[in-house]
Amino acid sequence: MRSIGETARASGLSVSALRFYDREGVLVPALVDPENGYRWYTDRQIRQARLVAGLRRVGMPVAEIAAVLGTDAPTAHRLLDQHLHRLEAGLDDARRELSRVHALLDTQERPMTTVTLSRTALIAALGDVRFAAGQDPELPMLSGVLVEVESVAVIFVATDRYRMAIHREDAVVDGPAIKVIAPLDWVDRVRAHEKEEPITLHLGTETIEASGAGWAIKDKPLAYDYTDWRRAIEARSAGGTPRTAPVDATALRATLTATDTPRVFRHDHELVVLAIGNSGGIDIVGEQESEGGVAVNREFLLQALDASGDGQLLLELDGPIRPLAIRRPTDDRAYSLLMPVKL
């Protein structure tokens, strides 16, 4: 038997930590002297204390440490893997946040970033995402279009939490990476520009401007942090097995607007349930046949189809709790997501 001091030295836990884990029922001494209260530990408990010390160093919660000590080896390994996945996700969050903080620190010294692309490409990109921008005054950071510049491309993103649209466009970039939220009024004014010519975006923390020969459309970016849209995409992709079905956009619009198309009424909006039929195409089914399908806001789906244009589209379905993805089969620059609605 080992005293608490010997156990502390052998395991790497302090005496106070051993007393704490005793009180929490994680590592209870094999013997407590009834006269003087001294704690005594077995050699097996020394090994357990070393496990506790290691798990403590990697931040495992006390309840999970107790679960690891009290279960069989396969289950314990599974608990360790789950904790590791949490740590990795937390590290990814920390990297993103530190990247944002670095950007904030550099704000005073950062020069203006310019992005040059054709009018056709810019108008198409803005049109692909504009419909998904938010209008909720409680979420002002979503009431614009995110313009995120990479080294050789620019990404446009819009979301209102119920849908999301993304368009990535190759472009000539001069300056550092930057993210700004373009006000919707600026977006609409740029989309209304009709002259076919290269357009240069001038992006800074205080200014967002689109300009060409003899004209400029200028505004201030929205002064908010945009939602972490990449994390939403990663969460959708994790562990999914989506099925893809081709659809004709014009035919699907006609079906959605037909009076005899099955609909589900919820408060102030209508839902439609999409499922992949026996032929591999998309069926719109009733609520009673909704198993395996995905229910989405009918109006949102129509707006997404309008933004995607005519011709063939691909719909990705992955069950009733994952978003519906809408893509063009020959153009991977843009796609949109519609959040599912629980029936």
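The values are calculated or read from the model by the stated rules, or taken from the named source; none is laboratory data. The structure displayed is predicted, hence computed values, not measured ones. So basically every Cβ, Gly included, is an ideal-geometry build from the backbone, and we count neighbours across all protein chains shown. What goes into the accessible areas is simple: the full protein's heavy atoms, side chains included, and nothing from ligands, DNA or RNA. Shrake-Rupley method; radii C 1.70, N 1.55, O 1.52, S 1.80 Å.
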Q: Give me the angle, in degrees from 0 to 90, between the Cα long axis of helix 43-57 and the longest principal axis of the Cα atoms of the chain, rounded to the nearest 10.
A: 30 degrees
Q: Could you go through region 136-149 in sequence order and give the Karplus-derived ³J(HN,Hα) for each residue, using 6.51 cos²θ - 1.76 cosθ + 1.60 with θ = phi - 60°, rounded to whole Hz, and x for Gly and Pro?
A: 7, x, 6, 10, x, 5, 9, 8, x, 10, 6, 10, 10, 9
Q. Which value in deg cm²/dmol, rounded to the nearest 500, describes the helix-derived mean residue ellipticity at 222 nm for the chain, given -39,500 (n - 2.57) per DSSP H run of n ≥ 4 and division by the residue count?
A. -11000 deg cm²/dmol
Q. Quick one: ranking K342, K220 by accessible area, 1.4 Å probe, largest first, what do you get?
A. K342, K220
(Q) Can you give me the angle between helix 73-105 and the longest principal axis of the chain, using Cα atoms only, in degrees from 0 to 90, rounded to the nearest 10? (A) 50 degrees
Q. To the nearest 10 square angstrom, how much accessible area does T255 have with a 1.4 angstrom probe?
A. 60 Å²
Q | Separation between Cα centres of region 16-95 and region 121-200, rounded to whole Å | A | 49 Å
Q: State, as an integer percentage, the relative contact order of region 242-343 based on alpha-carbon contacts under 8 Å between residues 6 or more apart.
A: 29 percent
Q. If amide H atoms are built 1.01 Å from N in the plane of the peptide, which residues on other chains or at least 5 residues away come under 5 Å of the amide H of E150?
A. I155
Q) To the nearest 10 Å², what's E234's accessible area with a 1.4 Å probe? A) 100 Å²
Q: Could you tell me which label, among [x] 20.8; [y] 24.4; [z] 23.3, carries the value of Kirkwood radius over Cα pairs in Å calculated for this structure?
A: [y]
Q) With Cβ to Cβ distances under 13 Å as the rule, what net charge do the other residues near Q48 carry (K, R +1; D, E -1)? A) +3
Q | Derived scalar couplings ³J(HN,Hα) [region 196-211; Karplus, 6.51 cos²θ - 1.76 cosθ + 1.60; whole Hz; x for Gly, Pro] | A | 7, 6, x, 10, 10, 9, 10, 10, x, 5, 10, 9, 10, 9, 10, 8
(Q) Cross-link candidates for K195: which lysines have Cα within less than 29 Å, leaving aside residues fewer than 8 places away along the same chain? (A) K179, K218, K220
Q | Accessible carbon and sulfur surface of the chain relative to its total accessible area, %, 1.4 Å | A | 52 percent
**Q.** Values of log10 I(q)/I(0), in the order q = 0.17, 0.18, 0.19, 0.23 Å⁻¹, for region 270-343 under a Debye, Cα-only, solvent-free model
**A.** -0.60, -0.68, -0.75, -1.08
Q. What accessible area per residue, rounded to a whole number of Å², is obtained for region 73-183 using a probe radius of 1.4 Å?
A. 52 Å²
